[in-house]
C-alpha cells in the first residue's frame with residue numbers, strides 16, 4: 001500500500017490532544033445522529049446562527065438545545081401525518097438554511113429517513129421527470145416544504161406534499177400536544193441516516209445512503225486530519241443539499257460543539273469581499289471556498305491597492321482553514337489567494353484543496369501543505385493530499401489490475417468506513433460502483449505520488465464542472481438534438497469539458513457532424529449561432545469551441561454509442577484542429593461577404609467605433625450590426641454615445657432613446673440625421689424585436705430610465721422585449737403631470753405596438769405600480785394579461801414616496817447609478833438635507849466617482865434634469881392607494897432597502913404579501929439573488945433571467 005493511503009480506522013483517543021480526545025470519546029460512544037445532536041446539546045449547546053451579509057439586519061440564533069427541543073416537537077407533528085409510517089422517506093425541500101436544518105433534525109429525531117432535495121431546474125419537462133423519478137425511487141415520500149414553494153412541484157398528481165406552515169399551525173393551536181417521543185434513539189450504527197442525491201436535480205438521480213457509523217467515521221477523520229476543535233467558528237454558505245455544507249460544515253461543527261454560522265450563497269458567491277467581512281466580523285476559523293470563488297476573490301484583491309485592503313480593517317488572524325473542492329484547484333490561484341489572505345493575517349497554508357464525494361460524506365482527502373508542496377513538485381493543479389484517517393485509496397489500470405507503482409495514473413478507487421455501501425433502492429447502480437474486492441469506483445483518474453499524495457488527472461465519469469457547478473453533457477447534447485437544427489446530422493453531437501492552459505475553470509466543447517459539410521459557410525454560421533445560444537441558455541456560458549467534423553470521425557459502437565472520452569482525447573491531441581480552423585475561416589468569410597457595408601461617412605465612423613470598443617475586426621461589422629449583438633453594457637452604452645458625439649463633432653448629443661430605438665449602425669446613423677427634426681415622444685424602447693413567443697413589456701423604475709434592463713435583454717431572445725421609458729429626458733419634453741397620464745400613455749403605446757394579447761408586463765420597483773395599473777386598463781379593455789410581474793415592490797408605496805424629497809431622490813439616483821456607495825448615501829443624507837437643492841447636487845457631483853460620471857456622460861445639468869424627473873414621478877404617487885385587482889401577479893423579491901423593511905422576512909411577510917389583496921389568485925413568490933438595486937446587475941442577471949423565464953413558462957408564455 002502506498003504511503004499516506006492506508007485505512008487507519010478511527011484514531012484512538014490516546015493519539016489525539018486532550019480536546020480532540022474528549023471529542024473523539026464522545027463521538028465514538030454515540031450510536032447514531034440523534035445521539036450526536038443530544039450529546040452536543042447536553043455538553044456544549046453551541047449556537048447555530050443564520051446571518052445576513054448586511055450586518056444591520058439582525059441574525060437569527062438557534063442554540064443546539066433549542067434545535068433539539070424544536071425537532072422533538074416537530075417530530076411528533078410528522079408522526080401524526082396521515083399515511084406516514086416508520087418506513088416513509090421524508091423529502092426535505094426548502095430554499096434556506098434555517099428550515100433545512102430544523103426539519104432535517106425533526107425527521108431524524110422522529111426516526112424517519114430524510115432525503116435532502118436540491119433546488120429544481122427551470123426546464124419544466126426535466127423538473128417533472130425528476131420529481132416523478134424521486135416519487136418512484138422513494139416510494140411516494142412525504143414531501144415537507146413551505147407554502148411558497150408548493151407550486152414548484154407543478155401540481156403533479158400522486159405526490160404527498162405537506163407544508164410546514166400547516167404543521168406549525170397545528171402546534172400553535174394545541175393540536176398534537178402529547179409527550180414527545182424520540183424514535184431516532186433506536187437507530188443502529190449500520191442504519192441509514194440521511195439520503196443525499198448525487199447527480200444534481202436533473203435526470204435519474206441516485207440517492208447515496210449515508211449510514212450513522214459512516215458519518216461518524218467521516219467526522220472523526222476530518223477532526224483528526226485538520227485539528228478542528230470546539231473553539232472554532234464554522235461558516236457555511238452552500239446549500240445544505242450539498243454534502244460539503246451538510247457534512248464538512250454543519251455536522252462537523254455539531255460533533256465538536258462548535259459555533260456555526262450560515263449565510264445565503266448569493267450573499268457571498270456574487271460578492272467575495274463580503275466573505276472577508278463575514279470572516280472578520282464573526283471571527284470565522286473554518287469555511288469553504290471552491291476554486292472559482294478563490295479566483296474571483298483573488299482577482300478582486302489584485303485590483304485593490306494594498307492600502308485599501310488594510311484600511312478596511314480586515315483581520316483574518318482567526319482563519320485556520322478554507323476547505324476547497326468541487327473542481328480542480330490551480331496552483332497559481334492558491335498562491336495568489338493565500339498571499340492576499342496571509343497579508344490580512346490568515347495563517348500560512350490556509351487553503352486546503354481536497355477531494356470528496358457525496359459517497360464519502362464530503363472531504364475525504366486534503367492537502368495541508370498547499371501551495372508549498374505543489375510548487376516543490378512543479379504542479380499546475382494542486383494535489384488533493386493524503387487520505388483522512390479511515391480512508392484508503394488506490395489506482396487501477398484499464399485491465400482492472402491495481403497499480404502498485406507511484407506516479408502512474410489510473411482509475412481512482414477508495415475504501416473505508418466513511419465510504420457508502422449502497423445507493424437507495426438501486427441495486428444495479430450499487431453493483432457497478434464497486435470492484436469485486438469491495439473498493440468504490442470514484443469515476444476519477446488519479447495518481448498517487450511517492451509521498452502518498454493523490455493528484456487528480458481527469459474524470460472517467462461524464463461531468464462538466466464550470467465555476468464549481470456540475471453540468472451533464474448529455475443534457476446539452478439532448479437539447480441540441482431536440483432543436484432539430486437543419487445544419488446538424490442527427491445523433492452525432494458530442495459535448496465534453498476542456499480546461500485551457502491557465503484557465504480558472506473548465507470550458508464546454510461541442511463536436512458535431514454538419515449536415516452540409518464542414519465548409520458550408522451559410523449552414524455552419526446558422527448552426528454555430530444556434531448551438532451557442534442553446535449552450536448559454538442551458539449552462540449559462542458560451543462554448544469554448546464548436547467543432548464540425550465528418551461523421552466518420554465520430555465513430556459509433558455496434559449499439560450506436562459514441563465514446564465521448566475518445567472524442568475528447570482526439571480533440572485535446574489536436575486531431576480536430578484543422579477542421580475547426582477551416583470552419584472558423586469559412587464562417588468569418590461568410591459574415592464578411594454577406595455584410596451590408598457602411599456607405600456614408602457617418603456609418604463608417606460608427607462602424608470604426610464598434611470595432612474599437614468591442615475589439616471586433618472592421619471586416620466583420622456591417623450596417624445591420626447591433627450594439628445589443630455586441631453584448632453592450634449600460635456603461636459601454638454611455639461611453640459609445642459620448643464617443644459618437646466626439647468623433648462626429650455633433651452640435652448636440654444624440655439622445656439615448658434614439659440609440660435604443662434602433663441600435664444598429666444604420667439606425668444610429670439615421671437617428672443622427674433626423675436629430676434636428678422635431679420628434680414626438682415615444683416611450684417604447686425595443687430591446688429585442690423578434691421571437692415567436694408573446695412580447696414581454698418592462699416598465700422603468702422610479703428614475704424613469706430603462707438602462708437597468710440592458711443586462712436582461714442579453715438573455716431574452718425568444719420573444720420581443722419592450723421597455724417603457726419616462727417622458728422628460730429629452731429637450732422639449734414635458735414631465736408627466738400625474739399618474740393617470742402615465743397609465744393611459746403607456747396603455748395606448750402598448751396597444752399600438754401589440755394590438756392583441758395575451759399580454760405580459762412587469763415593472764421594476766416603482767414601475768411595478770405602473771405595470772399593475774396598466775394591466776387593469778388592459779383587462780378593462782377586454783384583453784388577457786397572463787403575466788404581471790413586480791420586481792421587488794409592494795402594493796402600498798405612498799409612505800415610501802413621502803420619504804423621497806428632491807434631495808433624497810438625488811441620493812437614491814446617485815446610488816442607483818453607482819456614483820456613490822449605499823453606506824455613503826445613508827451617511828450623507830442628514831447633511832445634504834440641510835443644504836439647498838443646488839448645493840446638495842454640487843456635493844453629490846463632487847463626491848461621485850468621476851470616472852463613473854465620465855462613463856455616463858453626466859453633467860450637472862443632466863443630473864439635475866434626471867433628479868427632477870425622478871422626483872416628479874415619485875411626487876405623483878404621494879397619495880397613491882392601490883385598488884381593484886389583476887388576474888394574477890408574480891412577485892420577484894430581493895434584499896430590500898434598509899428604509900423599507902427590517903429584514904427579508906419582514907419584507908416578504910408584511911409588505912410584499914399584501915399583493916394578495918389585489919390579485920384574483922394567490923401571488924406567486926420568486927426569490928432572486930442580490931439586493932434591490934443589484935438584482936439585475938451583471939453579477940445577478942443570469943439567475944434573475946432564469947427565474948423570470950421560468951415564471952413566464954409557468955404562466956403559459
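The values are calculated or read from the model by the stated rules, or taken from the named source; none is laboratory data. These numbers were taken from a predicted model, which means no experiment stands behind them. With ideal geometry, Cβ positions are generated from the backbone for all residues, glycine too; neighbour counts draw on all protein chains shown.
Run down 895, 889 and say which single residue is modelled with pLDDT of 85 or more and out of contact with any helix residue (DSSP H, G or I) (no Cβ under 6 Å at 6 or more places or on another chain).
895
If you scan segment 375-385, which residues turn out to be touching a strand residue (DSSP E or B) at 6+ places or on another chain (Cβ under 8 Å) and either without any contact (Cβ under 8 Å) to a residue 12 or more places away in the chain or buried (at least 24 other Cβ atoms within 10 Å of the Cβ) (or both)?
First, the residues of segment 375-385 that are touching a strand residue (DSSP E or B) at 6+ places or on another chain (Cβ under 8 Å): 379-385.
The answer is 382, 383, 384, 385.
Residue under question is residue 239, and the condition is that it be closer than 26 Å to residue 133 by Cα and at pLDDT 95 or above; does it hold?
Numbers: closer than 26 Å to residue 133 by Cα: yes; at pLDDT 95 or above: no.
No: the conditions fail for residue 239.
Do you know which of the residues in segment 590-606 that are in a helix (DSSP H, G or I) and loosely packed, with under 14 Cβ neighbours inside 10 Å is modelled with the highest pLDDT?
Once the filter is applied, the top-ranked residue is 601.
Quick one: which residue in 720, 795 is more than 17 Å from residue 703 (Cα to Cα), surrounded by fewer than 21 Cβ atoms within 10 Å (Cβ to Cβ), touching a residue at least 12 places away in the same chain (Cβ under 8 Å) and under 31 Å from the mean Cα position of the chain (by Cα)?
Going through 720, 795 in turn, just one is more than 17 Å from residue 703 (Cα to Cα), surrounded by fewer than 21 Cβ atoms within 10 Å (Cβ to Cβ), touching a residue at least 12 places away in the same chain (Cβ under 8 Å) and under 31 Å from the mean Cα position of the chain (by Cα): 720.
Considering only segment 746-758, state which residues are part of a helix (DSSP H, G or I) and in contact with a strand residue (DSSP E or B) (Cβ under 9 Å, 6 or more places away or on another chain).
Here is the first cut: in segment 746-758, the residues part of a helix (DSSP H, G or I) are 746-753.
746, 749, 750, 752, 753 - these are the residues of segment 746-758 that are part of a helix (DSSP H, G or I) and in contact with a strand residue (DSSP E or B) (Cβ under 9 Å, 6 or more places away or on another chain).
Within segment 498-512, take every residue that is buried (at least 20 other Cβ atoms within 10 Å of the Cβ) and at pLDDT 85 or above and give me the one that is nearest to residue 328 (Cα to Cα).
Checked segment 498-512; the qualifying residue nearest to residue 328 (Cα to Cα) is 508.
Residues of segment 201-231 being in a loop (DSSP other than H, G, I, E, B) and surrounded by 23 or more Cβ atoms within 10 Å (Cβ to Cβ), which ones?
Correct list: 228 only.
Suppose we filter segment 251-280 for residues that are outside any helix (DSSP H, G or I) and within 24 Å of residue 940 (Cα to Cα); how many remain? Steps first, please.
To start, the set of residues in segment 251-280 that are outside any helix (DSSP H, G or I) comprises 257-264, 270-271.
Those still in the list that are within 24 Å of residue 940 (Cα to Cα) too: 261-264, 270-271.
Looking only at that region, the number is 6.
Among the residues of segment 914-922, is there at least one that is surrounded by 21 or more Cβ atoms within 10 Å (Cβ to Cβ) and either on the phi > 0 side of the Ramachandran plot or modelled with pLDDT under 90 (or both)?
No.
Report, ordered by the first and then the second residue, all pairs with beta carbons closer than 9 Å, sequence separation of six or more or different chains, a first member in segment 802-817 that is on the phi < 0 side of the Ramachandran plot and modelled with pLDDT of 85 or more, and a second member that is buried (at least 18 other Cβ atoms within 10 Å of the Cβ) and outside any helix (DSSP H, G or I).
809/702; 809/703; 811/820; 813/702; 813/703; 813/819; 814/820; 814/848
List the pairs whose first member sits in segment 528-545 and is assigned by TED's automatic domain parsing to the domain that holds residue 489 and farther than 14 Å from residue 495 by Cβ, whose second member is modelled with pLDDT of 75 or more and part of a helix (DSSP H, G or I), and whose Cβ atoms are under 6 Å apart, counting only residues at least 6 apart or on separate chains?
Sorted first by the residue in segment 528-545, then by its partner, the pairs are 540/942.
Please work out if residue 157 is modelled with pLDDT under 95, closer than 30 Å to residue 947 by Cα and exposed (fewer than 13 other Cβ atoms within 10 Å of the Cβ).
yes
Among the numbered criteria (1) over 27 Å from residue 644 (Cα atoms); (2) surrounded by fewer than 12 Cβ atoms within 10 Å (Cβ to Cβ), which single criterion is violated by residue 571?
Status for residue 571: all satisfied but (2).
For segment 914-930, which residues satisfy the criterion of being touching a residue at least 24 places away in the same chain (Cβ under 8 Å) and either within 26 Å of the chain's Cα centre (by Cα) or in a helix (DSSP H, G or I) (or both)?
Listed by number, the residues that qualify are 914, 915, 917, 918, 923, 924, 925, 926, 927, 928, 929, 930.
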